[in-house]
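Once you've had a glance at the structure underneath, I'll fire off some questions.
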Amino acid sequence: MFLNELTAEWRSKVGLRNFSEINFGRIMSKAQLSIGIDVGGTFTDFFFYDSSSGRVETEKLLTSTAEPEKSIVEGIRNGLNRLGARGEDIQSIIHGTTLIVNAIIERKEREQAF
C-alpha cells in the first residue's frame, strides 16, 4: 500500500479529514493529545497524554505482524474513545518499533534491492 493511501485510510479511521487538523503548536481545541506508539513483535503499546488536563491513558494490543497498521489504528481509536477525544485533538504522534529489530535479529527480514 502506498504511503498516501495508508495515510488516507488511517486519517479516515481515526476521524481526520486531512493532516492540517492535527494541532502542530496551534490551539484548535481544548484537548491537546500526545500519543506514543511502540510496535513490537507481540504487542503494540500506546501512551496517551492530554496536556490540557494532565490525564494519562495506556493501551496494549496484540500486533498484527502481517498488517501492523491495523493495530495502530485500533489502538488510537480505543484511546480517543476512552479519553472522549477526536482526531483533531491530536497534537503529536511519536512512533517507534521493535518489530523490525526483532525480524533482523531472528533473521526473518526480507531481501532488499538497492
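Which one is modelled with the highest pLDDT among residues in the range 63-114 that are among the charged types (D, E, K, R) and in contact with a strand residue (DSSP E or B) (Cβ under 8 Å, 6 or more places away or on another chain)?
Pass one, the range 63-114, residues among the charged types (D, E, K, R): 67, 69-70, 74, 77, 82, 86, 88-89, 106-111.
Add one more test, that the residue is in contact with a strand residue (DSSP E or B) (Cβ under 8 Å, 6 or more places away or on another chain), and what stays is 74, 82, 89.
Values: Glu74: 94, Arg82: 91, Asp89: 91.
The qualifying residue modelled with the highest pLDDT is Glu74.
Yes or no: Glu59 modelled with pLDDT of 85 or more and among the acidic types (Asp, Glu)? Walk me through it before giving the result.
Details: modelled with pLDDT of 85 or more: yes; among the acidic types (Asp, Glu): yes.
The answer is yes for Glu59.
Pull out all pairs, ordered by first then second residue, where Cβ-Cβ is under 6 Å, the residues are six or more apart or on different chains, the first lies in the range 41-54 and is under 30 Å from Ala103 (Cβ atoms), and the second is aliphatic (A, V, I, L, M) and exposed (fewer than 15 other Cβ atoms within 10 Å of the Cβ).
Tyr49/Val56
When you scan the range 63-75, do you find a residue that is among the β-branched types (Val, Ile, Thr) and under 11 Å from the mean Cα position of the chain (by Cα), even just one? Show your work before the answer.
Here is the first cut: in the range 63-75, the ones among the β-branched types (Val, Ile, Thr) are 63, 65, 72-73.
After this cut, where a residue has to be under 11 Å from the mean Cα position of the chain (by Cα) as well, the list is 72-73.
There is at least one residue in the range 63-75 that is among the β-branched types (Val, Ile, Thr) and under 11 Å from the mean Cα position of the chain (by Cα).
When the range 16-38 is examined, which residues are found to be β-branched (Val, Ile, Thr) and at pLDDT 90 or above?
Filtering the range 16-38 down to residues β-branched (Val, Ile, Thr) leaves 22, 27, 35, 37.
Answer for the range 16-38, where residues must be β-branched (Val, Ile, Thr) and at pLDDT 90 or above: Ile35, Ile37.
The values are calculated or read from the model by the stated rules, or taken from the named source; none is laboratory data. Note that the coordinates shown come from a computational prediction; the quantities given were computed from them, not determined experimentally. Cβ atoms come from the backbone with ideal geometry, glycine included; neighbour counts cover every protein chain shown.
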